[in-house]
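Okay, so here's the structure we're looking at.
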Amino acid sequence: AEELGHQGATSNEALALAVAALAAEATGDTPRARPAIDHALVLSERDQDLRARLTVQLAVARLRRVKDTEAALRDVAAQAGRSGLLELRLRADLALAERAPENERRTRLAALAQEARSLGYGGIARLAEAASVRPIPPSAP
């Protein structure tokens, strides 16, 4: 990410930092995840690349660095859908479905898997299918 910053590739630097933050969080390294996603957000807000900005906002919501995660995810999904960024919309929908109430979760994930597969996004379909058998993630602190 740092090298991308030196090259002036702000969008790519923000994306790299968002991925690094998600990876750090996934390995339990929250102290490293927070500054990375915060810096990614600052960079993306100054950039005109909508895909990069929404991707970073999705990561921010996934890391629960916003007040209302559900609203942030719905906003990313809506903006991505209006802008024709289908993969990003499906990823935001996946994050929403993963956080759905227990009685809706499997149904939403199955519907998303079917939609993603029909649109040619097999990777997202597999993620939705895998999420349907995982326990519900804990609520934000």
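The table below lists the values:
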| read-out | value |
| --- | --- |
| Output for region 106-121, where each listed residue is open to solvent by 20 Å² or more (accessible area, probe 1.4 Å) and either assigned to a helix (DSSP H, G or I) or more than 17 Å from ARG89 (Cβ to Cβ) (or both) | ARG106, THR107, ARG108, ALA110, ALA111, GLN114, GLU115, ARG117, SER118 |
| Filter pass, LEU112 being without any contact (Cβ under 8 Å) to a residue 60 or more places away in the chain, closer than 20 Å to ALA21 by Cβ and in contact with an Asp or Glu (Cβ under 6 Å, 6 or more places away or on another chain) | no |
| Within region 9-21, considering residues that are surrounded by fewer than 19 Cβ atoms within 10 Å (Cβ to Cβ), more than 15 Å from the chain's Cα centre (by Cα) and in contact (Cβ under 8 Å) with a residue 12 or more places away in the chain, the one farthest from LEU88 (Cα to Cα) | THR10 |
| Yes/no for ALA97 being open to solvent by less than 20 Å² (accessible area, probe 1.4 Å), without any contact (Cβ under 8 Å) to a residue 24 or more places away in the chain and more than 11 Å from the chain's Cα centre (by Cα) | no |
| Which numbered condition LEU22 misses (of (1) more than 19 Å from ARG134 (Cα to Cα); (2) in a helix (DSSP H, G or I)) | (1) |
| Selection count, region 70-94, where residues are assigned to a helix (DSSP H, G or I), without any contact (Cβ under 8 Å) to a residue 12 or more places away in the chain and open to solvent by 50 Å² or more (accessible area, probe 1.4 Å) | 1 |
| Within region 83-104, tally of residues that are modelled with pLDDT under 95 and over 19 Å from ALA59 (Cβ atoms) | 5 |
| Candidate set: region 122-134, residues that are within 21 Å of LEU54 (Cα to Cα) and not β-branched (Val, Ile, Thr); chosen: the one surrounded by the most Cβ atoms within 10 Å (Cβ to Cβ) | ALA128 |
| Hits in region 22-69 (condition: closer than 17 Å to ALA97 by Cα, of a type in the set (D, E, K, R) and either surrounded by fewer than 14 Cβ atoms within 10 Å (Cβ to Cβ) or modelled with pLDDT of 95 or more (or both)) | ASP68 |
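The values are calculated or read from the model by the stated rules, or taken from the named source; none is laboratory data. Being a predicted model, the structure only gives us computed values, none of them experimental. Neighbour counts run over all protein chains shown; Cβ positions are idealised from the backbone, glycine included. For the accessible areas, the whole protein counts, side chains as well, though only heavy atoms, and no ligand, DNA or RNA atoms are used. Shrake-Rupley method; radii C 1.70, N 1.55, O 1.52, S 1.80 Å.
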